[in-house]
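Visitor: Just passing along the structure, written as structure tokens.
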Amino acid sequence: QVQLVESGGGLVQAGGSLRLSCATSGRTFSSTYAIGWFRQAPGKEREFVASIRWSWSDASTDYSDSVKGRFTISRNNAWNTVYLQMNSLKPEDTAVYYCAASSLPPISGSKRYNDPRNFGSWGQGTQVTVSS
């Protein structure tokens, strides 16, 4: 079982930056193929933000079109924290941000890590509010 704890959320003005952290623990190496960030705004469905492969040989990343070029996902060398650097924030980025771990292996050409249903372990979320 993988445990995930998000931190770093807060209130920021439009155009500002925040860095979210996702601390991982548990059987991360043996049971995780990807870590993803998702967000959910009030009255909306949970949506994909970014993902990173959890492999010695593959650290490929993916982003939603709405955050591409503004957000960056990365992991630390100790393999216990995933970051989401968010720049040029917009009011529409306001949401609760969740990190999640997927135990499903990648499928070539598939966007399986864009789908929250493919992630079995979730953190409690951290609120990000961007004021205009």
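Visitor: Could you identify the single residue in Glu6, Glu47 that is touching a Cys at 6+ places or on another chain (Cβ under 9 Å) and among the charged types (D, E, K, R)?
Guide: Working: Glu47 fails: touching a Cys at 6+ places or on another chain (Cβ under 9 Å).
After applying the criteria, what remains is Glu6.
Visitor: Can you tell me how many residues in region 56-78 are more than 21 Å from Gly9 (Cα to Cα) and either surrounded by 13 or more Cβ atoms within 10 Å (Cβ to Cβ) or modelled with pLDDT of 90 or more (or both)?
Guide: Initial filter on region 56-78 (more than 21 Å from Gly9 (Cα to Cα)): 56-62, 65, 77-78.
Of the ones still in play, those that are also either surrounded by 13 or more Cβ atoms within 10 Å (Cβ to Cβ) or modelled with pLDDT of 90 or more (or both) are 60-62, 65.
Going through region 56-78 one residue at a time, the tally reaches 4.
Visitor: Restricting to region 92-111, give me the number of residues that are under 16 Å from Thr32 (Cα atoms) and open to solvent by less than 50 Å² (accessible area, probe 1.4 Å). Spell out the reasoning first.
Guide: First, the residues of region 92-111 that are under 16 Å from Thr32 (Cα atoms): 99-107.
Those still in the list that are open to solvent by less than 50 Å² (accessible area, probe 1.4 Å) too: 99-102.
The number of residues fulfilling the criteria is 4.
Visitor: Let me ask you something else. Given the conditions (1) modelled with pLDDT under 95; (2) farther than 22 Å from Glu92 by Cβ, which single one is not true for Ser7?
Guide: (1)
Visitor: Any idea which of (1) under 14 Å from the mean Cα position of the chain (by Cα); (2) crowded, with 18+ Cβ neighbours inside 10 Å is the one Leu89 doesn't satisfy?
Guide: So the condition that Leu89 fails would be (1).
Visitor: Right, Ala23: farther than 22 Å from Ser131 by Cβ, surrounded by 12 or more Cβ atoms within 10 Å (Cβ to Cβ), at pLDDT 95 or above and hydrophobic (A, V, I, L, M, F, W, C) or not? I'd like the intermediate steps shown before the answer.
Guide: Numbers: farther than 22 Å from Ser131 by Cβ: yes; surrounded by 12 or more Cβ atoms within 10 Å (Cβ to Cβ): yes; at pLDDT 95 or above: yes; hydrophobic (A, V, I, L, M, F, W, C): yes.
For Ala23, the condition - farther than 22 Å from Ser131 by Cβ, surrounded by 12 or more Cβ atoms within 10 Å (Cβ to Cβ), at pLDDT 95 or above and hydrophobic (A, V, I, L, M, F, W, C) - is met.
Visitor: Is there a residue being under 22 Å from Gly10 (Cα atoms), in contact with a strand residue (DSSP E or B) (Cβ under 8 Å, 6 or more places away or on another chain) and modelled with pLDDT of 95 or more anywhere in region 100-114? It would help to see each step written out before you state the result.
Guide: As a first pass, look at region 100-114 and keep what is under 22 Å from Gly10 (Cα atoms): 100.
Then drop every residue that is not in contact with a strand residue (DSSP E or B) (Cβ under 8 Å, 6 or more places away or on another chain), which leaves 100.
The next check asks that each one be modelled with pLDDT of 95 or more; those that pass are 100.
Checking region 100-114: at least one residue is under 22 Å from Gly10 (Cα atoms), in contact with a strand residue (DSSP E or B) (Cβ under 8 Å, 6 or more places away or on another chain) and modelled with pLDDT of 95 or more.
Visitor: Right, something else. How many residues does region 26-45 hold that are crowded, with 17+ Cβ neighbours inside 10 Å and either part of a strand (DSSP E or B) or among the charged types (D, E, K, R) (or both)? Show your work before the answer.
Guide: Within region 26-45, the first condition is being crowded, with 17+ Cβ neighbours inside 10 Å, and the residues that meet it are 28, 32-39.
After this cut, where a residue has to be either part of a strand (DSSP E or B) or among the charged types (D, E, K, R) (or both) as well, the list is 34-39.
Count: 6.
The values are calculated or read from the model by the stated rules, or taken from the named source; none is laboratory data. The model shown is predicted, which means the values in this text are computed figures rather than measured ones. Don't worry about glycine lacking a Cβ; one is built from the backbone with ideal geometry, like all the others, and counts go over all protein chains shown. Quick note on the areas: whole protein, heavy atoms, side chains included, nothing else; ligands and nucleic acids left out. Shrake-Rupley method; radii C 1.70, N 1.55, O 1.52, S 1.80 Å.
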